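This report concerns only the one structure given below.
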Amino acid sequence: MAGRSGVLWWCMLCAFACCGRRTSASELTIFVENPGGEILCENVTTFGQNIVISFERRDASEVTVWYDYANSVQIVKFLVSGEEELNQPGVTRTVCYAVYFDRDSMVPVNAMYKLRQRNAHAVRTAEMDKGREEMYFDTKLAAGSARELSAHLAELCVSTNVVHTRQKDLQSWMNIFGDSRIARLQTTKVLLNPMQQVLCSSNPAPWAPCSCRLTSCVLWYPCALRFCENNGVCGIRTCSKCYDMFHTEDSALRCIE
């Protein structure tokens, strides 16, 4: 119990420091318990037409999941550090993904402004587990042109040259915004889909292309409105979901998982 209390207190201090640096319309700190019984912190920030969820993985890698409602873009950014056992000490890489975001799959952003957090220090569990989704990224988007899709994508991923996306996401955005806007994106389709490649973690030839996998679980996020009898909307429903994201690297040496 003392260990858990210590983790909660540390998370509260981190949340206070974060809130002290940031001005936003709405910010929540959510304590969640992962399947291994560890207490983790999620910061959920709402501003403008955006909901941003940020947290650390067990290996201390930082993950940001950004829902850009105005542009129907979900951005997932990993800030991952290399492992000494893999001859990657001191190496930190930013890996960014952008996928089409169906706004109906999340709570309306305006509802988040009205949300009031009770028992802020309680450890929470999502009401619905949406399982795992495998995503195979077959297209590379030059980060320099990302602003044509989302200004937030360009700013969040400024430290990397490439954003990974998929052909089907480009088609979905084209259906919404038209050909001219999507045509301004600088994209390159990978020669071999990561689904067809050997995993980088399986120790392929050092300079052979391989499929790099990054895994992340959002343990608590607002996924729908809650409707109460005779009262209309009376809150939000929460979900959890895990992602296995595969992209192609030119060499296993460039894959930090």
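The values are calculated or read from the model by the stated rules, or taken from the named source; none is laboratory data. Here the structure is a predicted model, which is why all the values come from computation and not from measurement. Methodologically, a virtual Cβ is constructed for each residue, glycine included, from the backbone with ideal geometry; neighbour enumeration extends over all protein chains shown.
Which condition number in (1) of a type in the set (S, T, N, Q); (2) modelled with pLDDT under 90; (3) surrounded by fewer than 16 Cβ atoms within 10 Å (Cβ to Cβ) is the one that S26 fails? S26 satisfies every listed condition except (3). Residues in the stretch 240-257 that are hydrophobic (A, V, I, L, M, F, W, C) and buried (at least 20 other Cβ atoms within 10 Å of the Cβ): M245, F246, A252, C255, I256. The residue that is farthest from Y243 (Cα to Cα), counting only those in the stretch 40-73 that are in a loop (DSSP other than H, G, I, E, B) and touching a helix residue (DSSP H, G or I) at 6+ places or on another chain (Cβ under 7 Å), is Q49. Report yes if T160 is more than 18 Å from R254 (Cβ to Cβ), hydroxyl-bearing (S, T, Y) and either touching a strand residue (DSSP E or B) at 6+ places or on another chain (Cβ under 7 Å) or surrounded by fewer than 12 Cβ atoms within 10 Å (Cβ to Cβ) (or both), otherwise no. No; evaluated as a whole, the condition is false for this residue. Note on the stretch 132-163: among residues that are in contact with a Cys (Cβ under 7 Å, 6 or more places away or on another chain) and part of a strand (DSSP E or B), the one that is farthest from M245 (Cα to Cα) is V163.
Out of the stretch 87-128, which residues are surrounded by 13 or more Cβ atoms within 10 Å (Cβ to Cβ) and assigned to a strand (DSSP E or B)? Result: T92, R93, T94, V95, C96, Y97, A98, V99, Y100, V123, R124.
Which of the following residues is in contact with a helix residue (DSSP H, G or I) (Cβ under 8 Å, 6 or more places away or on another chain), β-branched (V, I, T) and surrounded by 12 or more Cβ atoms within 10 Å (Cβ to Cβ): T187, T215?
Numbers: T215 fails: in contact with a helix residue (DSSP H, G or I) (Cβ under 8 Å, 6 or more places away or on another chain).
From the options T187, T215, the qualifying one is T187.
A count restricted to the stretch 167-182 and to residues that are under 21 Å from D244 (Cα atoms) and either out of contact with any strand residue (DSSP E or B) (no Cβ under 6 Å at 6 or more places or on another chain) or among the β-branched types (V, I, T) (or both) stands at 2.
Any residue that is of a type outside the set (V, I, T), assigned to a helix (DSSP H, G or I) and exposed (fewer than 13 other Cβ atoms within 10 Å of the Cβ) - is there at least one of those in the stretch 197-210?
Taking the stretch 197-210 as the starting set, the residues that turn out to be of a type outside the set (V, I, T) are 197, 199-210.
Restricting the remaining residues to those that are assigned to a helix (DSSP H, G or I) gives 200-202.
Filter once more, keeping what is exposed (fewer than 13 other Cβ atoms within 10 Å of the Cβ): 202.
There is at least one residue in the stretch 197-210 that is of a type outside the set (V, I, T), assigned to a helix (DSSP H, G or I) and exposed (fewer than 13 other Cβ atoms within 10 Å of the Cβ).
Condition first: part of a strand (DSSP E or B), more than 16 Å from the chain's Cα centre (by Cα) and either on the phi > 0 side of the Ramachandran plot or at pLDDT 85 or above (or both). Now tell me which residues in the stretch 211-237 satisfy that. If you could, list the steps in order and put the result at the bottom.
Our first condition is that a residue be part of a strand (DSSP E or B); within the stretch 211-237, this holds for 211-228, 232-237.
Filter once more, so that each one left must be more than 16 Å from the chain's Cα centre (by Cα): 211-212, 224-228, 232-237.
Passing the criteria: S211, C212, A224, L225, G232, G235, I236, R237.
Of all residues in the stretch 68-86, none that is farther than 13 Å from L214 by Cβ and at pLDDT 95 or above has its Cβ atom under 6 Å from the Cβ atom of a residue that is among the charged types (D, E, K, R) and assigned to a strand (DSSP E or B), 6 or more apart or on another chain. Condition check for S145 on (1) over 17 Å from S72 (Cβ atoms); (2) among the hydroxyl-bearing types (S, T, Y); (3) modelled with pLDDT of 95 or more: one failure, at (3).
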